[in-house]
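Everything below concerns the one structure shown next.
What follows draws every value from the coordinates through simple rules; no lab data is involved. The shown structure was predicted, so the numbers you read here are calculated from the model rather than taken from an experiment. So basically every Cβ, Gly included, is an ideal-geometry build from the backbone, and we count neighbours across all protein chains shown.
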Amino acid sequence: MQDMPGCKYTRLDRKYSIEDLAAFHGHLGPYIVLGYRMGRHAREYFCSDAFEMSAVVRCSGTPPQSCIVDGVQIGSGCTMGKRNIDLQASDTLSCEFTSGEKKMVIRPKPIKFPPRGEDYFHQIEQLAIDIYRADDVDLFEVGSR
């Protein structure tokens, strides 16, 4: 993948660490990591040009589900500033990537959250780490047209 002509700083193909995701988002949670993994999948297997691709994220529209948007931005390169990502409130969770006439739809598999308890936030971080390390096939289903 080539960087934007004339810009040596983009490094759009960079893989981000757990620490990078937490620093960008303000904490480490399952939805930012899931969104990152979905966005990376789209960049790797659908369209590597963040200026030719757009994304529509469908989710509840409120945290914690809406945190998936931050991850999709980091993973795909589609950003709010470029206006090539959109958030639509929905009862179902998915992300549709478009490039020209092609589309890829990624639908996450359900996330099993731990019960709320004394160490809930530690368990949430561990869940995010597990999502980061999981295989794509264990995280989501992909369709295209």
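Out of LEU127, LEU87, which single residue is in contact with a helix residue (DSSP H, G or I) (Cβ under 8 Å, 6 or more places away or on another chain) and outside any helix (DSSP H, G or I)?
LEU87
Contact map, segment 12-24: residues that are within 14 Å of ALA42 (Cα to Cα) paired with residues that are aliphatic (A, V, I, L, M), Cβ distance under 8 Å, separation 6+ or inter-chain. Pairs shown: LEU12/MET1; LEU12/MET4; LEU12/ALA50; ASP13/MET1.
Among residues of segment 88-127 being of a type in the set (Gly, Ala, Ser) and surrounded by 15 or more Cβ atoms within 10 Å (Cβ to Cβ), the one that is nearest to PHE46 (Cα to Cα) is SER99.
Within segment 133-145, count every residue that is surrounded by 11 or more Cβ atoms within 10 Å (Cβ to Cβ), not in a helix (DSSP H, G or I) and not aromatic (Phe, Trp, Tyr). So the count comes out to 5. For GLU44, the conditions (1) closer than 20 Å to TYR132 by Cα; (2) in contact with a helix residue (DSSP H, G or I) (Cβ under 9 Å, 6 or more places away or on another chain) are fulfilled apart from (2). Screening CYS78 on (1) farther than 21 Å from ARG133 by Cα; (2) surrounded by fewer than 18 Cβ atoms within 10 Å (Cβ to Cβ) shows it passes everything except condition (2).
Just give me the residues in segment 45-84 being of a type in the set (A, V, I, L, M) and either over 14 Å from the mean Cα position of the chain (by Cα) or part of a loop (DSSP other than H, G, I, E, B) (or both), in sequence order.
Hits for segment 45-84 are ALA50, MET53, MET80.
Take the conditions (1) surrounded by 11 or more Cβ atoms within 10 Å (Cβ to Cβ); (2) of a type outside the set (A, V, I, L, M, F, W, C); (3) farther than 22 Å from SER17 by Cβ; ASP130 misses just one of them, which is (3). Looking across segment 90-113, the residues that are not small (Gly, Ala, Ser) and not in a strand (DSSP E or B) come down to ASP91, THR92, LEU93, GLU101, LYS109, PRO110, ILE111, LYS112, PHE113. Among the residues making up segment 17-38, those that are surrounded by 14 or more Cβ atoms within 10 Å (Cβ to Cβ) and either of a type in the set (Ser, Thr, Tyr) or touching an Asp or Glu at 6+ places or on another chain (Cβ under 6 Å) (or both) are HIS25, LEU28, TYR31, ILE32, TYR36.
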